[in-house]
Structures are given as structure tokens and as C-alpha cells.
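Okay, so here's the structure we're looking at.
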Amino acid sequence: MRLYPRLGGAAALRLLLAAHVVAAFEPITVGIAIGAASALTGYLSYKDLYCRFAECCRSERPLNASALKQDLEEKLFGQHLATEVILKALTGFKNNKNPKKPLTLSLHGWAGTGKNFVSQIVAENLHPKGLKSNFVHLFVSTLHFPHEQHIKLYQDQLQRWIRGNVSACAGSVFIFDEMDKLHPGVIDAIKPFLDYYEQIDGVSYRKAIFIFLSNAGGDLITKTALDFWRAGRKREDIQLKDLEAVLSVGVFNNKHSGLWHSGLIDRNLIDYFIPFLPLEYRHVKMCVRAEMKARGSAIDEDIVTQVAEEMTFFPKDEKIYSDKGCKTVQSRLDFY
């Protein structure tokens, strides 16, 4: 029989906060307060209690592969390769108790094909607060690294930022958006953190995850998709081997890519180059339905068709792929 009733959330929080206030003055009293909190809750440790009211780093938290699979299959449209590779990569990495290096993914494709959306899904499945988590860090090239003359400064800042955040949480996630607009050389500053080192200055980076998002390579991906379509083959027949090698070489030699002549590619430190295929008319309609559902609206097929038909498609003669993917679906739906 338990001697003490379980504390309610508010009471536990007040007791925890009281312990933190006392900590600044009287360590012995802190121990008594924490002990009292543990006794009163009956089974909660101090860390468990704290983590009920504040976000904690759970590097060893297992990945719910079924939930990730469901999110990708239900929310990402027309991207069989991305769904398959990301699920495989994350599941394998998180199941490995002793990875030899951080997981590094490079996502490529035209705007509106789902790269940012996938990074959001990944973040939410690794840390409950997703992009709002203290352990998920988003860098936007044009915002955080705008000036070419400050490359050395950006490199130093980036190293300090990553070192500090991985020290605080081994399972930190770093997302670099607009890699095609990043000044060449900036990203090479993080090369040591992605390499096969057990530790660097006492810090292990092996459980961290790095995700690069880029429009670079979109033309190569589209050409492959078009070749399949013109040959009468389904887009689902496209395999990673049809694109990955071409992507890595193309991005490495692209002067408008943040990975131009990068040591990250030269040293094979990027685990997967993941292509996002251009979206067809049917995929745009799926995006419209998903957005209507997210807004709590009934699915109106007339509106779905109208929004999809307002989009523009390419190539000029065949008009197969949406030139903006699903990027403007939300704003267009606002008119209905």
C-alpha cells in the first residue's frame, strides 16, 4: 500500500520550482526538497518529475518506426523514394546503439516537392516538439549566412553552435535549408563533426542528425522522371540507384550549390542523396485535399479541381509536372 498520494501536476510543479529556487542558496535543503518530491510522488525521480514540465533530451528514446511510416505515407505525396529511404535510414540509425558517425541526409528537388515538409515530419518523430524543440536547429542560408565576405566568421559560429548543442543533447537535429544558396566553403566547417571520430575535444557527435535541403539537382531529377514517363514507365519504377550517383556528382560540380567541391561529398560523409520527384496533377489534388482536411473543412472535389487547374505545369508541350509543386496550394485555397 502506498503511503503517500500521487501529487497533482500543479502541486508537483510548485514543489519542483521551489527546489530550484532554494538551489541558489542552500544545497542541503535542495536534497531534502527533492527527496520529499520523490517520496510524495511515490515513484518519480527528480529527472522524471522535471521532464514532465520541461523538455528533456532523450537521446536513447527509441524511434516509433510505425508512426514515422504512417506520417510519411499519409502526408507526403508522390515521393516513394523519399518515403522508403528516410524510413530505412532513420530506423537503422536509431536502432544502432553505437553508430560510427552522425546520420547525414541530403534532400534534393524543386520547390514544393516536400523537402521542408519531410524535415518537419522527421523532427516531430525524433523530438515531440518538432521544429519548436530546443534540440532541433534550423539554419536558413539567406538568413543566417547572407554575406560572402563573412565566410570565416560563419564557419567559426557554426562550429561553436553545433559543439554547444550536441554537448547539451547528443541526439540533436540540424537542418540546413536553401543549401543551393549557401556560399561554397561554409558547410565544410562542420566536416569534422560528420566524420568517423569517436570524440572531438571530449564531445561525441555520433548520435546527431544532419539534414541538408537543396533545389540543386532538380533538373537532373526531372530529366530522369521525364525519361521514364516518355518511355511509358511508371514513376514508381524509379529507384535510388537511378539518381543517387548522378545527384552527388552533379551537386559536387555545381557552382551554385553549397556543396560545390565540398569535402563532405569528397570524403563520402553524406549517407544518402535523396531525390524528390516533380509532382503531377494528381499529386497536387492530393495536396489540396490534405490541406482542406487539415483546416477541418469538408472535401469539396469541385474546389480541389479548381485549385489544381490554376497551377501551371511543364514541359510546355506535355504539361506533366507542377512547376511549383504544392508550394502555393495553401494560399490559393484561401480564395475559396
Reduced to Cα centres, the span from segment 185-250 to segment 280-336 in Å works out to 28
For residue 138, the residues 5 or more places away or on another chain with a placed amide H closer than 5 Å to its own amide H are 175
At 25 °C in a medium of viscosity 0.890 mPa s, segment 43-176 has a Stokes-Einstein diffusion coefficient, with Rh taken as the Kirkwood radius over alpha carbon pairs, in µm² per second, of 147
Regression test value, accessible area per residue of segment 74-159, probe 1.4 Å, units Å², expected 46
One would report the antiparallel percent of DSSP beta bridges in the chain, rounded to the nearest 5, as 15
Rounded to 0.05, the calculated FRET efficiency for the beta carbons of residue 282 and residue 69 at R₀ = 22 Å is 0.50
Compactness summary of the chain: radius of gyration and Dmax from Cα atoms, Å, are 23.6, 78
Between the Cα axis of helix 218-230 and the main Cα principal axis of the chain, the angle (0 to 90°, nearest 10) is 50
One finds, for residue 95 and residue 330 with R0 = 35 angstrom and r their Cβ-Cβ distance, a FRET efficiency to the nearest 0.05 of 0.50
Expressed in angstrom, Rg and Dmax over the Cα atoms of segment 225-333 are 17.6, 52
The answer for the longest stretch of the chain without any exposed trypsin sites (Lys or Arg not before Pro) (DSSP loop, at most 15 further Cβ atoms within 10 Å) is 130-232
With all protein chains present, the chain has a carbon and sulfur share of its accessible area (1.4 Å probe) in percent of 54
From most to least accessible, 1.4 Å probe, no ligand or DNA/RNA atoms counted, 252, 212 line up as 252, 212
Here, GluC sites (Glu not before Pro) of segment 159-255 satisfying both criteria (DSSP loop; at most 12 other Cβ within 10 Å) are 198
Filtering GluC sites (Glu not before Pro) in segment 246-326 by DSSP loop and by at most 16 other Cβ atoms within 10 Å leaves 318
Expressed in square angstrom to the nearest 10, the accessible area of residue 144 with a 1.4 Å probe stands at 80
So, relative contact order of segment 118-253 in percent, Cα under 8 Å, 6 or more apart, is 21
For segment 69-79, Karplus-derived ³J(HN,Hα) couplings (6.51, -1.76, 1.60; θ = phi - 60°; whole Hz; x for glycine and proline) come out as 4, 5, 4, 5, 6, 8, 10, 10, 10, x, 10
Reported to the nearest 10 Å², residue 323 has, with a 1.4 Å probe, an accessible area equal to 70
Normalised Cα Rg of segment 280-336, dividing by 2.2 N^0.38 Å with N its residue count, works out at 1.08
CD proxy, 222 nm, the chain: helix-only mean residue ellipticity via -39,500 (n - 2.57) per DSSP H run with n ≥ 4, per residue, nearest 500, stands at -14000 deg cm²/dmol
From most to least accessible, 1.4 Å probe, no ligand or DNA/RNA atoms counted, 336, 154 line up as 336, 154
In Å², rounded to a whole number, the accessible area per residue of segment 214-336 with probe 1.4 Å is 54
Projected area averaged over all directions for the convex hull of the alpha carbon atoms of segment 132-199, nm², comes out at 4.8
Spelling it out for residue 321: with amide H atoms placed in the peptide plane at 1.01 Å from N, the residues 5 or more places away or on another chain with amide H under 5 Å from its amide H are 314
Simple spin-label estimate for residue 48/residue 294, 7 Å along Cα→Cβ, in nm, reads 3.7
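The values are calculated or read from the model by the stated rules, or taken from the named source; none is laboratory data. Keep in mind it's a predicted model, so treat the numbers as computed, not measured. All Cβ positions, even for glycine, are placed from backbone atoms using ideal geometry, and neighbour counts span all protein chains on display. Please note that ligands, DNA and RNA were not included when accessible areas were found on the heavy atoms of the full protein model with its side chains. Shrake-Rupley method; radii C 1.70, N 1.55, O 1.52, S 1.80 Å.
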